[in-house]
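So the structure is just underneath, and the comments pick up after that.
FYI, it's all coordinate maths here, none of it is from the lab. Just so you know, these numbers come straight off a predicted model, no measurement behind them. Note that we place each Cβ from the backbone using ideal geometry, even for glycine, and neighbour counts take in every protein chain shown.
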Amino acid sequence: MAKWQMPRPNMGDMVFFSTDVHNFSNPCLGFVVQNPGDSTVRILTFTPTGWVDRPSVHHKDDPDLKTDNAWEELGCWAFAPITEAIYQAAAASRAKERLTSGTAK
């Protein structure tokens with residue numbers, strides 16, 4: 001069985017952050033401020049009380065969050081819908097470009 005791989009955000013991507021790793025409830029807005037490691041990202045979240053640095057955050061779908069390892073306390077992240085839309089539009093544009101350049105040859 002292949003090991004789960006975290007989605008790869010880029011620095012500056014808009015994400016949602018939640019302290020609820022089980023239901024991803026009440027997320028707040030955040031931005032990726034450091035290129036990701038293999039399983040975590042560093043996020044700066046915007047909360048009603050100000051900015052909060054979240055240095056080691058796992059993706060909400062990371063199966064390791066279900067184990068007893070105290071990572072629950074660090075919260076979890078997911079792409080914000082606008083970020084997902086940007087990535088999908090870019091992928092569609094690249095696919096269209098490949099088709100266009102392929103038929104021109």
Considering amide H positions built from the backbone, and no H for Pro or chain starts, which residues 5 or more places from Ala80, or on another chain, come under 5 Å of its amide H? Val15, Phe16
Name the residue from Ala2, Gly12, Ser93 whose Cα lies farthest towards the positive end of the charge dipole of the chain, charges +1 on Cβ of Lys and Arg and -1 on Cβ of Asp and Glu. Ser93
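Computed FRET efficiency, Cβ-Cβ of Ala89 and Met14, R0 22 Å: what is it to the nearest 0.05? Could the numbers behind the result be given before it?
Working: r = 15 Å, r/R0 = 0.66.
The value I calculate is 0.90.
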Residue-count net charge about Pro36 - beta-carbon cut-off 9 Å; Lys, Arg +1, Asp, Glu -1: +1
On a 0 to 90 degree scale, rounded to 10, what angle separates helix 81-104 from the longest Cα axis of the chain? 20 degrees
For the stretch 14-80, average projected area of the Cα convex hull in nm²: 4.2 nm²
Using alpha carbon centers only, the stretch 38-105 is separated from the stretch 1-35 by a whole-angstrom value of 5 Å
